[in-house]
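Presented below is the structure to which this report refers.
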Amino acid sequence: MHPPKAGHYSTYSMIKKLIRKILGTKSNKGGRNSDEPVILGAADHGIDPRLLSANAVRVTSTLQEAGFEAFVVGGAVRDLLLGVKPKDFDIATNATPEQVRKLFRRAFIIGKRFQIVHVMFGQDLLEVTTFRGTASASAPKDEHGRVLRDNTFGSQAEDAVRRDFTINAMYYNPANEQVLDYHGGIEDIRAKTLRIIGQPEARYREDPVRMLRVVRFAAKLKFGIEPHTAAPIPVMAPLINNVPAARVFDEMLKLLMSGQALACLQQLRKEGLHHGLLPLLDVVLEQPLGIKFVTLALDATDARISAGKTVSPGFLFASLLWHQVLEKWTAYRAAGEFPIPALHLAADDVLDSQTEKLALQRKIGSDMRDIWSMQPRFERRSGKSPHKLLEHLRFRAGYDFLLLRCASGEIDAELGEWWTAFYEGDEATRDDLVNSAQRSGADGAPKKKRPPRRGPRTRGAAAAADSSGQGGQGGGE
Ligand code: ATP
Ligand code: MG
């Protein structure tokens, strides 16, 4: 592979720019030759090199010193051009994964579908990817046209064609501070436009997740979507159903953790992407009672992200699905269950219905369950109960969740205020709080005999079924 001759290309790109200026044409429409990049120098693109991570430069320079081409690529270049510090750096190179691995002390080849190299420096992880070739017509696809595997290496120009949006297909070389732009990404950055590379329908068919990505980037960057890029989405949205749940989940998580979660969900709805796409979103966006709660939860999440704090996916999903849990909890209680087992049954139902589609990871599911099942315990304000709850490993998450419930008007604000005072108070204050709650009868302790059950208890039957089923020995497969 020949390294681009920078001098030649920049003269070329200047002339091209000049012609474009004179003719007033846009670069990435129609006959633009995407085999050759427009090359921008530091003065043209204005990237502040201080936004680069030292490790990204370490990787590109090590590769370059070994005789390979190496660039920062994708989202990091987009963010650099927008003056934002990238949260991670991807590197593209013409070195093969094996050649990359040999150059770094802690480097691991991962991935079956397409091998990439993880290069680690302490906690910092950089993904190094070999330029990929254009998707071949013979690449295996599913019955809807989704590309399943395509592992060929290629040139940088081919690599650029395979990327999703023009603003994500630029390459930055820290050594000479040049940006290589194959698809008019710079102009789209300036015009705040998301434009898919190639023929939109074909690109969505190859990988339907790109539809979710458009929405995420549009909401996060506050960019408009170019009309041809937007047009097929409502029609093609159902294709997302064929994508493995784990991938959809990853993308949803990125969307919710983008710092613009609320804007993203609103945009999903606008593009017709929420309906039937994820049961979660149907629930969230079409539930008038829950909307206030979800809005508050997402606002709080977005605020935490912009303040640089961490957000727990468990808390996030627990919030999104709370009103569904509430609904089922009420139903189980009406059917005669005690409050706590009723809540567990409701949580089971909701988690079961979401796991199938969303591939909720086990850890996230158990965090959600913890947060939900703590809620009735906040109502018990007598004796040792509040002190015990305070020691719960996930108390803080449960308490934050309680405050959201108060703020949304679901429960009385007084309960949240009591817990804030209890949480922040010293021992004497805490004792006073417990005593006064007991005196005023707001301690949540059972006052009278439990109501009679209406239906037969199901638990005994379930336990019996258990011991005769999977629990038994020699039960076959
Ligand atoms: P973020 O800031 O959220 O990380 P990103 O653009 O870096 O945004 P990644 O998922 O990290 O997103 O992907 C890195 C790059 O890989 C993208 O910029 C894009 O060039 C390419 N890419 C990622 N996903 C796809 C896809 N589904 N189809 C085509 N190209 C993709
Ligand atoms: Mg990225």
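The values are calculated or read from the model by the stated rules, or taken from the named source; none is laboratory data. No experiment lies behind these values; they were computed from the predicted model shown. Using ideal geometry, Cβ is built from the backbone for each residue, glycine included, and neighbour counts are taken over all protein chains shown. These area figures cover heavy atoms from the full protein model, side chains too; ligands, DNA and RNA do not enter into them. Shrake-Rupley method; radii C 1.70, N 1.55, O 1.52, S 1.80 Å.
The figures follow:
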| item | result |
| --- | --- |
| Contacts under 9 angstrom Cβ, first residue in region 291-320 being free of Cβ contacts under 8 Å to residues at least 60 places away in the same chain, partner among the hydroxyl-bearing types (S, T, Y) and open to solvent by 70 Å² or more (accessible area, probe 1.4 Å), 6 or more apart | R304/T310 |
| Test set (1) closer than 20 Å to A169 by Cα; (2) buried (at least 18 other Cβ atoms within 10 Å of the Cβ); (3) more than 15 Å from ligand 2 (Cβ to nearest atom) - F114 fails condition number | (2) |
| Hits in region 91-102 (condition: free of Cβ contacts under 8 Å to residues at least 40 places away in the same chain and within 16 Å of ligand 2 (Cβ to nearest atom)) | I91 |
| Boolean, L51 is within 14 Å of ligand 1 (Cβ to nearest atom), among the aliphatic types (A, V, I, L, M) and either free of Cβ contacts under 8 Å to residues at least 60 places away in the same chain or in the same structural domain as F121 (by TED's automatic domain parsing) (or both) | yes |
| Residue among D181, D159 that alone is within 16 Å of ligand 2 (Cβ to nearest atom) and crowded, with 16+ Cβ neighbours inside 10 Å | D159 |
| Residue identified as crowded, with 18+ Cβ neighbours inside 10 Å and over 24 Å from the mean Cα position of the chain (by Cα) among N151, N173, N168 | N173 |
| Selected residue [within 27 Å of the chain's Cα centre (by Cα), away from ligand 2 (no atom under 14 Å from the Cβ) and at pLDDT 95 or above] from A70, A107 | A107 |
| Residue satisfying condition, being in the same structural domain as H183 (by TED's automatic domain parsing), open to solvent by 50 Å² or more (accessible area, probe 1.4 Å) and within 16 Å of ligand 2 (Cβ to nearest atom), within set D79, D44, D88 | D88 |
| Residue list for region 184-220, restricted to those being touching a residue at least 60 places away in the same chain (Cβ under 8 Å) and either acidic (D, E) or surrounded by fewer than 22 Cβ atoms within 10 Å (Cβ to Cβ) (or both) | I186, E187, D188, I189, R205, E206, D207 |
| Qualifying residue in region 370-392 (condition: among the aliphatic types (A, V, I, L, M) and farther than 30 Å from G441 by Cα) | no |
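Per-residue answers, yes or no, for (1) over 30 Å from L433 (Cα atoms); (2) under 23 Å from the mean Cα position of the chain (by Cα); (3) modelled with pLDDT of 95 or more; (4) polar (S, T, N, Q):
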| position | (1), (2), (3), (4) |
| --- | --- |
| K309 | yes, yes, no, no |
| A334 | yes, no, yes, no |
| D349 | yes, no, no, no |
| E356 | yes, yes, no, no |
| Q361 | yes, yes, no, yes |
| G365 | yes, yes, no, no |
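Here's the yes/no breakdown for (1) open to solvent by 20 Å² or more (accessible area, probe 1.4 Å); (2) part of a helix (DSSP H, G or I); (3) more than 16 Å from L343 (Cβ to Cβ):
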residue: G383; (1), (2), (3): yes, no, yes
residue: K388; (1), (2), (3): yes, yes, yes
residue: G398; (1), (2), (3): no, yes, no
residue: E417; (1), (2), (3): yes, yes, yes
residue: F422; (1), (2), (3): no, yes, yes
residue: A428; (1), (2), (3): yes, yes, yes
